[in-house]
1. Taking only pairs six or more apart or across chains, which ones have beta-carbon atoms under 6 Å, a first residue in the range 80-93 that is over 14 Å from ARG114 (Cβ atoms), and a second residue that is among the polar types (S, T, N, Q) and surrounded by 11 or more Cβ atoms within 10 Å (Cβ to Cβ)?
2. Would you list the strands (runs of 3 or more DSSP E) that sit entirely within the range 14-131 and hold 1 or more residues that are at pLDDT 95 or above and closer than 30 Å to PRO188 by Cα?
3. Considering PRO179, PRO185, PRO194, which residue is under 41 Å from the mean Cα position of the chain (by Cα) and surrounded by 12 or more Cβ atoms within 10 Å (Cβ to Cβ)?
4. So which of LEU140, LEU128 is more than 21 Å from GLY198 (Cβ to Cβ) and under 49 Å from the mean Cα position of the chain (by Cα)?
5. Answer yes or no as to whether ALA144 is part of a helix (DSSP H, G or I) and under 20 Å from ALA132 (Cβ atoms).
6. Which of (1) in a loop (DSSP other than H, G, I, E, B); (2) in contact with a Phe, Trp or Tyr (Cβ under 9 Å, 6 or more places away or on another chain); (3) touching a residue at least 40 places away in the same chain (Cβ under 8 Å) does PRO188 not meet, given it meets every other one?
7. Take the range 88-125 and flag every residue that is within 15 Å of the chain's Cα centre (by Cα), aliphatic (A, V, I, L, M) and loosely packed, with under 14 Cβ neighbours inside 10 Å.
Amino acid sequence: MIIYHYDSATGCLLGQGTAEANPLDPKSPLLPAYATATPAPITEEFECARYLTPDGHASAHYADGEWVIQPDWRDVPLWSTEDGSTVVIAEPNVTPADLGATAVPYPGPGYAWRDGRWQEDQALQRALAEAAAEQELAALQAEATTEIDRIQPAVVGGYAKASDVDALPLWQRYRYELPDVRSQPGWPEHPAWPPRPGDSSTV
C-alpha cells in the first residue's frame, strides 16, 4: 500500500513510501507516525499540501488530521516593498503580502514600490546621489587636510623640501575650493571636483 509521509514539524508532504506488512493482520498494513494512506492533493506553484489537525498542528497519527492546501513561499527570493531589502519566508502559510514583500526583483537604490511595481523615485535618487557626493567630498577634504598637516609644519620650520613648499598652497587652495562644488553644475550626480594637486591636470 502506498503511503504519504509528511513533516513532523510543518505537516508538509515529504514524499511517498510503502506501508510495512502487518504479520498479525495482513489486510491492515502498518503505518509509521506522520504518514497516511490518503493521497496528497495536487498543488500549484507557491502552494504545499500539509497534513494537519483542526488546530493547525502536524498530526503524528493519521486519524487526527487531514490534508489541506496552503501557501508556500519558502526559499522564494523576495524583496521588501518598503526598502528593497531581502525578505525570507521560513514557514508555510505565510505570503509575501503578510510581510510587505514582493517576488518582483528590486532594481536597486532610487526605486520605490508604487501601484504594484517598482518605479523610479527621482527625489530618492537625488537624495542618494547627494549622500554619495557628500561622502566623497568628506573623503577628499580629509585627504587634503592630511597632506596640509604633513607639509605645513616643515614649511613653517624652514626645513621643507622645495616640492613640498610648492605643494602646500596647492593643497590649501584645493581644500578651500572643494565645498564650492556643491553650487556648480553637475552636483550631486556628477560633481566637478577641482584638480587634485599632483595630478597631470593640475595647473
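1. The qualifying pairs are VAL87/SER80; PRO92/THR10; PRO92/GLN70; ASN93/GLN70.
2. Details: elements: 47-52, 66-71, 78-80, 111-114, 117-120.
Correct list: 78-80, 111-114, 117-120.
3. On the way: PRO179 fails: surrounded by 12 or more Cβ atoms within 10 Å (Cβ to Cβ); PRO185 fails: surrounded by 12 or more Cβ atoms within 10 Å (Cβ to Cβ).
One residue alone meets the criteria, PRO194.
4. Values: LEU140 fails: more than 21 Å from GLY198 (Cβ to Cβ).
One residue alone meets the criteria, LEU128.
5. Details: part of a helix (DSSP H, G or I): yes; under 20 Å from ALA132 (Cβ atoms): yes.
The answer is yes for ALA144.
6. The single condition PRO188 does not satisfy is (2).
7. Result: VAL88, ALA103.
The values are calculated or read from the model by the stated rules, or taken from the named source; none is laboratory data. Only a predicted model underlies this, so the values are computations on that prediction, with no experimental measurement involved. Every residue, glycine as well, gets a Cβ built from its backbone with ideal geometry; the counts of neighbours run over all protein chains shown.
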